[in-house]
Amino acid sequence: DFQEAASNHFDGCPKAKKLFYKGYRAWYGDHYDAAYHYLKKAVKAAEAGRAKARVLFLIGRIAVEEKKTGRAIEYLKYGLEEDPSYDMAWSNLATIYFDSGQPGEAVKCCENAIFYNPRNAFAYNKLGGYYFKTSDYEKAVPLFERALKELPQHPVLRMNYAHALSMAGRRQEALKNYQAALNAGYRDPNQEILAVLEENLAMAGRLSRESDPAMAEEA
């Protein structure tokens, strides 16, 4: 995990990489005080902006785990100042804004994450979730679909797509993707989710009839 996080961003700066490793290992063991100690030193030792951004991102992530929202936003923003193209930082910042009731800021963060990395499945999923909650299913469906293009076997992304399809009234596709989500490992032991999908489909049908005078008369 550390090699993936550090990648080649610390090339030419072994001291910063070593401190980052110590902080990363402390975080992995839930020793947050030690993690902060080493990571702050790593920020000072790092010369490249991308290296600083990775360290600052981890500090922000630790703050999220400690439910220190203000600190998390602060350090994620610091990281993005060092490397505006760091899509994971944009995506994590979006989650914080969504959770703290700032959807406008969250949407911008998702869009930035996608701009810098058009293959960021989770940014598409988060943005799709926003439009789903605001009942804009025409926007939600293609965003969930785009997320699945990157991670087709991800059960949660597949189920989110099924939910959006059901609200859009696309019955066969919704049920097909529901089954695909189960096959990928999603759990629905009492078929409660299936019942929700059926309810969504029924609601979508009612809304469609109400919006079409000819259909309403037939009903």
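The values are calculated or read from the model by the stated rules, or taken from the named source; none is laboratory data. These figures come from a predicted structure and were not determined experimentally. Here the Cβ is made from the backbone with ideal geometry for all residues, glycine too, and neighbour counts use every protein chain on show. The area values use the complete protein model at the heavy-atom level, side chains included, leaving out ligands, DNA and RNA. Shrake-Rupley method; radii C 1.70, N 1.55, O 1.52, S 1.80 Å.
Scan the stretch 97-120 for residues that are assigned to a loop (DSSP other than H, G, I, E, B) and farther than 16 Å from Gly70 by Cβ and the total you get is 4. Restricting to the stretch 118-139, count the residues that are surrounded by fewer than 21 Cβ atoms within 10 Å (Cβ to Cβ), closer than 15 Å to Asp99 by Cα and of a type in the set (D, E, K, R). Residues that pass the stated criteria total 1.
Here is a yes/no grid of residues against (1) over 15 Å from Leu148 (Cα atoms); (2) assigned to a helix (DSSP H, G or I); (3) open to solvent by 20 Å² or more (accessible area, probe 1.4 Å):
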{"position": "Tyr161", "(1), (2), (3)": "no, yes, no"}
{"position": "Ser166", "(1), (2), (3)": "yes, yes, no"}
{"position": "Gln172", "(1), (2), (3)": "yes, yes, yes"}
{"position": "Leu175", "(1), (2), (3)": "yes, yes, yes"}
{"position": "Arg187", "(1), (2), (3)": "yes, no, yes"}
{"position": "Asn190", "(1), (2), (3)": "yes, no, yes"}
{"position": "Val196", "(1), (2), (3)": "yes, yes, yes"}
{"position": "Arg206", "(1), (2), (3)": "yes, yes, yes"}
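In this structure, Pro142 does not satisfy being surrounded by fewer than 19 Cβ atoms within 10 Å (Cβ to Cβ), farther than 26 Å from Gly104 by Cα and within 17 Å of the chain's Cα centre (by Cα).
Here's the yes/no breakdown for (1) open to solvent by 90 Å² or more (accessible area, probe 1.4 Å); (2) under 24 Å from Asp99 (Cβ atoms); (3) not β-branched (Val, Ile, Thr):
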| residue | (1), (2), (3) |
| --- | --- |
| Lys15 | yes, no, yes |
| Ala26 | no, no, yes |
| Ala48 | no, no, yes |
| Leu76 | no, yes, yes |
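Of all residues in the stretch 168-195, those that are at pLDDT 95 or above have Cβ atoms under 7 Å from Cβ atoms of residues that are open to solvent by less than 40 Å² (accessible area, probe 1.4 Å) and part of a loop (DSSP other than H, G, I, E, B), 6 or more apart or on another chain, in Leu182/Asp188; Leu194/Asp188. Of all residues in the stretch 1-20, exactly one satisfies the criterion of being in contact with a Phe, Trp or Tyr (Cβ under 6 Å, 6 or more places away or on another chain) and more than 15 Å from Ala48 (Cβ to Cβ), namely Phe2. Of the helices (runs of 4 or more DSSP H) lying entirely inside the stretch 1-53, none contains at least 2 residues that are touching a residue at least 60 places away in the same chain (Cβ under 8 Å).
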